[in-house]
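Okay, handing you the structure first.
The values are calculated or read from the model by the stated rules, or taken from the named source; none is laboratory data. Since the structure is predicted, the reported quantities are computational estimates derived from the model, not experimental observations. When we count neighbours, we look across all protein chains shown, and the Cβ atoms used for this are built from the backbone with ideal geometry, even at glycine. Areas reflect the complete protein model, heavy atoms only, side chains present, ligands, DNA and RNA absent. Shrake-Rupley method; radii C 1.70, N 1.55, O 1.52, S 1.80 Å.
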Amino acid sequence: MLSDILARNRDWSAKRQAQEPGYFTRLAALQAPEFFWIGCSDSRVPANVVAGLDPGEVFVHRNVANIIHSSDMNMLSALEFAVEALKVREIIVCGHYGCGGVKAATEDLPHGLADHWLEPIRRLSRAYAVDLSRQPDLEAQRDRLAEFNVVEGVRRVCETPILQRAWTRGAKVRVHGLIYGLKDGLLRDLDCSVGPGHFKEGAAL
């Protein structure tokens, strides 16, 4: 299996060089992405592929169910680097329909450490129980919960001292919530974007 990956890499590298001589030299010289993508670890949702972007155009952090934990030093370090060093202008929190993490959070089954990680989704499920109950079936409920998780993620990114400091000094960075459809390959805007002057501590999106 590893030999297959290495062979595919060689083929890809050769084709890319043929299509655009000097591509890797240019890419290695500078990292200047406009987007920071916080997405799910699901192998079916690679950020640059679904967004139609080339390597170097998007800085990426992924975790199970694209959850924003205020104590997640990995995510916070990536966010700080994106905002402070890379000067990204657009932050995207992207979930997806058919999310295994959302499914696990709504099952009455043990999932080991994942149960601790998924607690914010269970909390959202309780908070939006009335809205979720209006959905026609369990799949629709989970997809709606995936949307709520993205909107909550946008809110929590905006609440970080990293974003608060950036906005205070006049940075024009904006935060957006998208959700990806596995069945049609389309990204949908959840209309929860936040930018400078739109967010006050304690206010709802």
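Only helical DSSP H runs with n ≥ 4 go in: add -39500 (n - 2.57) per run for the chain, normalise by residue count and round the 222 nm mean residue ellipticity to 500 deg cm²/dmol.
-13000 deg cm²/dmol
While we're looking at this one, here's another question. Mind giving me the FRET efficiency for Ser13 and Asp191? R0 is 45 Å, r the Cβ-Cβ distance, nearest 0.05 is fine.
Efficiency, rounded to the nearest 0.05: 0.65.
Name all residues of segment 31-52 having a backbone nitrogen under 17 Å from the label point set 7 Å from the Cα of Arg165 along its Cα→Cβ direction, giving them as ranges.
Under cut-off, by backbone N: nothing.
Separate question: Could you sort Arg62, Arg16, Arg169 by their accessible area in this structure, using a 1.4 Å probe and putting the largest first? List each step's numbers first, then the result.
Working: Arg62 85, Arg16 45, Arg169 120 Å².
Putting Arg62, Arg16, Arg169 in descending order of accessible area: Arg169, Arg62, Arg16.
Per residue, how much accessible area does the chain show when a 1.4 Å probe rolls over the protein heavy atoms, in square angstrom? Could the numbers behind the result be given before it?
Details: 11620 Å² over 205 residues.
Solvent-accessible surface per residue comes out at 57 Å².
Quick one: if you stick a label point 7 Å off each Cα along the C-beta vector at Asp131 and Leu113, how many nm between them?
3.1 nm
Right, next: Given contacts defined as C-alpha pairs under 8 Å and at least six residues apart, what's the relative contact order of the chain, whole-number percent?
Averaging sequence separation for qualifying contacts and normalising by length gives 20 percent for the chain.
In the chain, what percent of the accessible surface is made up of carbon and sulfur (1.4 Å probe, ligands and nucleic acids excluded)?
C and S fraction of accessible area: 55 percent.
When the dipole is taken about the Cα centre of the chain, and only Lys, Arg (+1) and Asp, Glu (-1) are charged at their Cβ, what size is it in debye, to the nearest 20? Write out the running numbers ahead of the final one.
On the way: 25 positive and 26 negative charges, 90 e Å.
Value, rounded to 20: 440 debye.
Counting GluC sites (Glu not before Pro) as exposed when in a DSSP loop with at most 13 other beta carbons within 10 Å, what is the longest stretch of the chain free of them?
Here the longest run is 108-200.
Tell me the label-point distance for the pair Ala140, Val49, using the 7 Å Cα-to-Cβ offset, in nm and rounded to one decimal.
Output for this residue pair reads 3.0 nm.
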